[in-house]
Amino acid sequence: MELAAIAERVFLARGFSDTTMQMIASQAGGSKETLYRHFKSKEALFAEVVGRRAVRISGPESAIARDEVPEVALFDLGISLMRLMTKKDAASLFSIVIAETPRSPKLGAIFYAQGPGATLKRLTKYLRVAASRGQLRCREPLRAAKLFLGAVVAQHHLHCLIDRPRAAISETEMRKHVRAAVSMFLARYRPERPYSDQGRGIRAGVLKRANRGKVNRGKVKKNNKHKSTSER
């Protein structure tokens, strides 16, 4: 098992403050010195744990990293986020951060930067690029990214933190919820004309200008022909 996965298990069981590098090294079957060669501090190891979770949502294999169309990319991001947020250990990790950040403010900053902040940054970049291609009408991609992420997780996340649902949210319910969030987002940010229609309009404009050029060249040739005939 990878060091980060072992560390995550120990952090969830004992909390951040009560976990030591020696405990993690012992669980990994190695020495503390070996662990420090990979991670310079307990905070750095915690950052790796959180970062691994964020990669599952918006990492290199995600639809936003592959530059899929907005409908696909947003649904993929939303359902991945819902699946992760509704897992029992996700709520436990959040509870650890909330409980210990007053004593260790750096912990909260690490958690946000490597987790929610990283996802927000990646989604903002995707929305900016999609808008530049005409796929979205989005002048404020950061605000739009915050609105989408909030629509997906806010209510479910709150329940998981303060009053865990008696029954787990079904896959069907999660998919319905994410589809609704995507539809609401696109109702606000979809361009007036679909991207494909814009492409057809651009191509039609190019052909129209090309044909106009041919007509003008034909007129010039015809006028020159008449001029040379009259001169004779």
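The values are calculated or read from the model by the stated rules, or taken from the named source; none is laboratory data. The shown structure was predicted, so the numbers you read here are calculated from the model rather than taken from an experiment. Heads up, the Cβs are rebuilt from the backbone with ideal geometry, glycines too, and the neighbour counts pull from every protein chain shown.
Annotation: P60 fulfils all but one of (1) farther than 24 Å from L12 by Cβ; (2) free of Cβ contacts under 8 Å to residues at least 40 places away in the same chain; (3) crowded, with 20+ Cβ neighbours inside 10 Å; the unmet one is (3). Is one or more of the residues making up the range 74-86 farther than 18 Å from K146 by Cα and loosely packed, with under 15 Cβ neighbours inside 10 Å? No, the range 74-86 contains no residue that is farther than 18 Å from K146 by Cα and loosely packed, with under 15 Cβ neighbours inside 10 Å. Restricting the first member to the range 131-155 and to residues that are charged (D, E, K, R), and the second to residues that are exposed (fewer than 14 other Cβ atoms within 10 Å of the Cβ) and in a loop (DSSP other than H, G, I, E, B), the beta-carbon pairs closer than 8 Å and six or more apart or on different chains are R137/E192. If P141 satisfies every condition in (1) more than 24 Å from T172 (Cα to Cα); (2) out of contact with any Lys or Arg (no Cβ under 8 Å at 6 or more places or on another chain); (3) surrounded by 18 or more Cβ atoms within 10 Å (Cβ to Cβ); (4) in the same structural domain as E173 (by TED's automatic domain parsing) but one, which is the exception? So P141 meets the others, but not (2). Do we find a residue being assigned to a helix (DSSP H, G or I), in contact with a Leu (Cβ under 9 Å, 6 or more places away or on another chain) and small (G, A, S) anywhere in the range 113-124? No. Residues satisfying the criterion are present in the range 139-152 (criterion: more than 10 Å from the chain's Cα centre (by Cα), within 30 Å of E192 (Cβ to Cβ) and assigned to a loop (DSSP other than H, G, I, E, B)).
Do we find that E48 is surrounded by fewer than 16 Cβ atoms within 10 Å (Cβ to Cβ), under 25 Å from the mean Cα position of the chain (by Cα), in a helix (DSSP H, G or I) and at pLDDT 90 or above in this structure? No: the conditions fail for E48. Yes or no: A99 out of contact with any His (no Cβ under 9 Å at 6 or more places or on another chain), in contact (Cβ under 8 Å) with a residue 60 or more places away in the chain, over 22 Å from I6 (Cα atoms) and surrounded by fewer than 21 Cβ atoms within 10 Å (Cβ to Cβ)? Here the answer is no, as A99 does not meet what is asked.
Would you call G59 within 25 Å of A130 (Cβ to Cβ), of a type in the set (G, A, S), out of contact with any helix residue (DSSP H, G or I) (no Cβ under 8 Å at 6 or more places or on another chain) and at pLDDT below 90?
So G59 passes the test.
Kindly check whether there is at least one residue in the range 66-85 that is assigned to a helix (DSSP H, G or I), aliphatic (A, V, I, L, M), assigned by TED's automatic domain parsing to the domain that holds V153 and over 14 Å from the mean Cα position of the chain (by Cα). Yes, some residue in the range 66-85 is assigned to a helix (DSSP H, G or I), aliphatic (A, V, I, L, M), assigned by TED's automatic domain parsing to the domain that holds V153 and over 14 Å from the mean Cα position of the chain (by Cα). Once the range 23-45 is narrowed to residues that are over 13 Å from A4 (Cβ atoms) and of a type in the set (K, R), the residue that is surrounded by the most Cβ atoms within 10 Å (Cβ to Cβ) is K32.
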